[in-house]
Amino acid sequence: MENNLVIETVDLHKEYKRDEFQVIALQNANLQIHKGEFVALMGPSGSGKSTLLYLIAAIDRPSQGRVRVLGQDLQQLSDKEIAHWRNEHVGFVFQTFNLIPVLTARENVELPLLLTNLSKKERIEHAETALKLVALSDRMTHYPRQLSGGQEQRVAIARAIVTDPALILADEPTGDLDAHSAQEVLTILTKLNQEHGKTVVMVTHDPHAARYASKIRYLEKGELLPEGSPPPA
């Protein structure tokens, strides 16, 4: 990767068709994020910040433009290749946790490892290590319904990091949490960034959460504002 560049988007554009209307969700977004940065993407609802994150994660594909992540041009990959690439290199944290209710915390965390060549014993060991990192070693056999919202999100973070990805993407990770749980989650993301060298990109509308990041980029009406721009009025 040139100059430790982890993420590069060039003239990124995304349109959605709703009925007979074309909705521009993102236009001409040029972004560079380097290894070890913790970047917050901020903006009002509908500004395009989650769209940008989903394009970086290859969960969605752009209408125009280019996305290069960890040296890989994502447009060159098939859907099947993208799934394996993302599982290996990207940990994604959703606002709504997305845990499977009938699986324990450890089983939820183990899920991404099913796409690897690890043995069952190795998968369990990796899942338990990830849960220890988020201070949930005493909740491994608990089901989501037995956990608080903050604990569920920490399980989701453990699931995101269990494959040891270089990049962690978080979409409003504190949006459904109380203040104490939100601080715990933000502290974990900071620790993963500062102590474990993970590059972190977090979408948030919360200025308090954004202060945990080393850099803030603002979006407004589908446009990524230039670096150093003040928050939209």
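The values are calculated or read from the model by the stated rules, or taken from the named source; none is laboratory data. Note that the coordinates shown come from a computational prediction; the quantities given were computed from them, not determined experimentally. Backbone-built Cβ (ideal geometry, glycine too); neighbour counts: all protein chains shown. Side chains are part of the model used for accessible areas, which takes the heavy atoms of the whole protein and leaves out ligands, DNA and RNA. Shrake-Rupley method; radii C 1.70, N 1.55, O 1.52, S 1.80 Å.
Sorted from largest down, give the three principal axis spans of the alpha carbons of the stretch 168-233, whole angstrom values.
Principal extents (Cα only, largest first): 30, 27, 16 Å.
Can you give the accessible area per residue of the stretch 179-225, in Å², using a 1.4 Å probe?
The answer is 48 Å² per residue.
Please work out whether the stretch 40-136 counts as rounded, prolate or oblate from its C-alpha gyration tensor, where a ≥ b ≥ c are the square roots of the eigenvalues and a/c under 1.5 means rounded, while otherwise a/b larger than b/c means prolate and anything else oblate?
oblate
In the chain, what percentage of the DSSP-assigned beta bridges are antiparallel, given to the nearest 5?
Just about 55 percent of them are antiparallel.
Expected output is a single nm value to one decimal: the length gained when fully extending between Leu225 and Gln183, i.e. 0.36 nm times separation in residues minus the C-alpha distance. What is it?
Length gained between Leu225 and Gln183: 12.4 nm.
For the chain, with the dipole built from +1 on Lys and Arg beta-carbon atoms and -1 on Asp and Glu ones, taken about the Cα centre, which of Val67, Tyr143, Leu26 lies farthest toward the positive end?
Tyr143
Normalized C-alpha radius of gyration of the stretch 150-192, against 2.2 N^0.38 Å?
This ratio for the stretch 150-192 stands at 1.08.
What whole-number distance in Å separates the alpha-carbon centres of the stretch 154-204 and the stretch 7-33?
Distance between centres, Cα-based: 25 Å.
Can you pull a Stokes-Einstein diffusion coefficient for the stretch 73-119 at 4 °C (1.567 mPa s), Rh from Kirkwood over Cα pairs, as a whole number of µm²/s?
Reported coefficient: 104 µm²/s.
Rounded to the nearest 500, what is the 222 nm mean residue ellipticity of the chain from helices alone, with -39500 (n - 2.57) per DSSP H run of 4+ residues and division by all residues?
Taking each H run of at least 4 residues, the total per residue is -9000 deg cm²/dmol.
Can you give the accessible area per residue of the stretch 1-122, in Å², using a 1.4 Å probe?
That works out to 53 Å² for each residue.
When the dipole is taken about the Cα centre of the stretch 103-233, and only Lys, Arg (+1) and Asp, Glu (-1) are charged at their Cβ, what size is it in debye, to the nearest 20?
260
Looking at the chain as a GNM with Cα springs under 10 Å, which of Pro165, Pro112, Pro207 has the largest mean-square fluctuation?
For the chain, modelled as a Gaussian network with Cα springs under 10 Å, the answer is Pro207.
Using Stokes-Einstein with the Kirkwood hydrodynamic radius over Cα pairs, what translational diffusion coefficient do you get for the chain at 10 °C and a viscosity of 1.306 mPa s, in µm²/s rounded to a whole number?
88
Pairs of Cα atoms under 8 Å, at least six residues apart: use those to get the relative contact order of the stretch 111-181, whole percent.
Dividing the mean separation by the residue count of the stretch 111-181 yields 36 percent.
What shape does the stretch 116-233 have by the C-alpha gyration tensor, where a ≥ b ≥ c are the square roots of the eigenvalues, rounded means a/c under 1.5, and otherwise prolate means a/b greater than b/c and oblate the rest?
It is prolate, given that a/c is not under 1.5 and a/b is the larger ratio.
Students often check this: by mean Cβ neighbours within 10 Å, which of 50-61, 5-16 ranks highest, and how do the rest follow?
Averaged packing, sorted descending, gives the order 50-61, 5-16.
With unit charges on the beta carbons (Lys and Arg positive, Asp and Glu negative) and the dipole taken about the Cα centre of the chain, which residue among Ala57, Gly43, Val155 sits farthest to the positive side?
Sorting the options by dipole projection puts first Val155.
Just the number, please: carbon plus sulfur as a percent of the accessible area of the chain, 1.4 Å probe, no ligands or DNA/RNA counted.
The nonpolar share, carbon plus sulfur, comes to 47 percent.
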